[in-house]
Amino acid sequence: MQIWGNRWAAGRLFLALFAFGAGSAFAAESSLENWIKAQTDRSLDRVYQAISPRDGAPGSVMASPSRSNPNYYYHWVRDSALVMREVWAYRTLGLRSARNSLMDYALFSEKNQRTNNPSGNAYDYGVGEPKFNMNGSAYNEPWGRPQNDGPALRVLALLGLADDLMMGGQKEFVFKHLYAPEMPAHTVIKADLEFVSHHWQDTSFDLWEEVRGDHFYTRIAQWRALDEGADFAKRMGDPNAASFYKQQARAVMDSLDKFWSSSKNYLLATRNWTGGHDPSEKASQLDISVVLGVLHAGRSGSPFYVDDDRVIATAWELVQAFDYQYAINRDKKNDEGMPMGPGIGRYPEDHYDGQTTNSLGNPWFLATQGMAEYYLRLRGELKARGALNITPLSRPFFEALVRENLSGKRRLPATDPTYVAVLQALQDRSDAFIRRAKFHTGDGGHQSEQFNRVHGQMQGARDLTWSYASFLSLRRIREKNHDFQSPVRRRR
Ligand code: NOJ
Ligand code: NOJ
């Protein structure tokens, strides 16, 4: 409201000054800015359309409206958690609808936890079940289950609401449905934290639902859920649980070091491969899931955040691998002659084309937009730090970024021209990835799951809700990283 109005005014003033000084470069950039603004509105609309749809239970979130080829009309625990986090992050645009949606989602999640399913019984192994029918009943077909990132992401989606309700005088809802400091745990956040703290060492299927083992993505989500869950438990008067969750969080964090491969020089997606697809189907172990894990669960100042040189090395390896992998990436400029980054997929050996697995994988919107977000978050860290450290692991990334030989340079202060150039290049590269996503986005801002590696047309589940959530997350970070703010339409 008031704050937003001021931002709007400040943004317009800045845009006006910028347009005045920047001449023709502004015309091209302004079309990207306008697209981002419009795409934010459309993404928010489609996210809200995905929540509690007409023939779904209140609080269910459809992964996509597509009901055949492929059928994605289900409530996936992971997708919905990532979507609801964005709903909460954008709550200033409509606090009441955000709060109501989150409360419905909490009640739907409670129902999920109470439902026996093929992963196991309610409040037991069943907590790891990856997807439910939209009416809340169990999905009883064979599937890659359990997927233990789900409960961790659900905690992260609900903690903001829980704190808000505690402060806003709706404590009963919290104690009844979200967190009661008692055992057995039958409130959503507490039940998830109990499951995560006792089962993070179990193998489970990865976020791509293909491989059983220990996964970097799953583990970093579990770390963040336990770490923040512990702080919350303390606030809720549950100190013994809090210290147990903290202790387990530290153990999860320690286990992440093992994902580093000093022979490959990047972080591996999976260790202790025990089932699902054959290991030969992902020989590289190079996977965007590592970067997504950092975006979804990493924390500034902790290991494995965007500026950890192991993460930088992994991101750079991914960019190069996908650049090479997909024919569309030969085109490096859009119709206006502006640079486009490579479309990014899940992993180089991917065979899932959005419908069948005996095909060839493609770039995904959520991966390409995730990479754009990665570059921006790295910029934000370096800017906040006021210096750039270059290590042998991160040097190739930074050298490619500024096309400069940086050997001999180890710590660049904010006054160093190379430091300034790195910040600018990170922002430019991020925009280049956004232009790539924009280039393959359909009329009206539609984004499916994938875009074809050869001809660039969209394919896979249409209007994938997670694609829109990934755009909203990127745009939030971009807003913080830019010196001006682009306003978005307010909701109900
Ligand atoms: C559908 C899954 O959702 C997708 O991630 C996977 O690649 C295919 N099934 C094949 O397992
Ligand atoms: C397939 C993806 O691999 C998986 O991560 C996702 O949860 C489902 N599709 C639903 O979008």
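The values are calculated or read from the model by the stated rules, or taken from the named source; none is laboratory data. Quantities reported herein were computed from a predicted structural model and do not represent experimental measurements. Heads up, the Cβs are rebuilt from the backbone with ideal geometry, glycines too, and the neighbour counts pull from every protein chain shown.
Things to note:
- Some residue of the range 139-159 being more than 29 Å from residue 346 (Cβ to Cβ) and either among the small types (Gly, Ala, Ser) or within 16 Å of ligand 1 (Cβ to nearest atom) (or both): no
- Qualifying residue in the range 40-58 (condition: in a helix (DSSP H, G or I), crowded, with 16+ Cβ neighbours inside 10 Å and touching a Lys or Arg at 6+ places or on another chain (Cβ under 6 Å)): yes
- Every condition in (1) among the aliphatic types (A, V, I, L, M); (2) touching a strand residue (DSSP E or B) at 6+ places or on another chain (Cβ under 8 Å); (3) part of a loop (DSSP other than H, G, I, E, B) holds for residue 311 except the one numbered (3).
- Check on residue 79, more than 16 Å from ligand 1 (Cβ to nearest atom), among the acidic types (Asp, Glu) and modelled with pLDDT of 95 or more: no
- Annotation note: Cβ proximity below 7 Å between a residue of the range 391-405 that is touching a residue at least 40 places away in the same chain (Cβ under 8 Å) and a residue that is in a helix (DSSP H, G or I) and surrounded by fewer than 17 Cβ atoms within 10 Å (Cβ to Cβ) (sequence gap 6+ or interchain) occurs for 391/309; 393/309; 394/309.
- Filtered residue count, the range 67-76, keeping only those that are in contact (Cβ under 8 Å) with a residue 40 or more places away in the chain and either assigned to a loop (DSSP other than H, G, I, E, B) or within 10 Å of ligand 1 (Cβ to nearest atom) (or both): 6
- For residue 234: the one exception among (1) away from ligand 1 (no atom under 16 Å from the Cβ); (2) within 24 Å of the chain's Cα centre (by Cα); (3) in a helix (DSSP H, G or I): (2)
- Elements of type helices (runs of 4 or more DSSP H) contained in the range 346-445, each with 1 or more residues being in contact with a Gly (Cβ under 8 Å, 6 or more places away or on another chain), within 16 Å of ligand 2 (Cβ to nearest atom) and closer than 30 Å to residue 64 by Cβ: 365-385
- If you go through the range 268-299 and pick out every residue that is in a loop (DSSP other than H, G, I, E, B) and either within 16 Å of ligand 1 (Cβ to nearest atom) or over 17 Å from residue 254 (Cα atoms) (or both), you end up with 8.
Yes/no per residue for (1) surrounded by fewer than 21 Cβ atoms within 10 Å (Cβ to Cβ); (2) among the polar types (S, T, N, Q):
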| residue | (1), (2) |
| --- | --- |
| 392 | yes, no |
| 417 | yes, no |
| 423 | yes, no |
| 457 | yes, yes |
| 466 | no, no |
| 479 | yes, no |
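- Residue check for residue 448: touching a residue at least 40 places away in the same chain (Cβ under 8 Å), surrounded by 19 or more Cβ atoms within 10 Å (Cβ to Cβ) and within 16 Å of ligand 2 (Cβ to nearest atom): yes
- For the range 203-231, the set of residues classified as in contact (Cβ under 8 Å) with a residue 12 or more places away in the chain, surrounded by fewer than 22 Cβ atoms within 10 Å (Cβ to Cβ) and away from ligand 1 (no atom under 14 Å from the Cβ) consists of 203, 213, 227, 228, listed by residue number.
- Residue, nearest to residue 58 (Cα to Cα), within the range 77-124, restricted to residues that are among the aromatic types (Phe, Trp, Tyr) and in contact (Cβ under 8 Å) with a residue 60 or more places away in the chain: 88
- The range 324-377, residues that are of a type in the set (S, T, N, Q) and in contact (Cβ under 8 Å) with a residue 60 or more places away in the chain: 325, 334, 355, 362, 368, 369
- Some residue of the range 133-140 being within 21 Å of the chain's Cα centre (by Cα), more than 16 Å from ligand 2 (Cβ to nearest atom) and modelled with pLDDT of 95 or more: no
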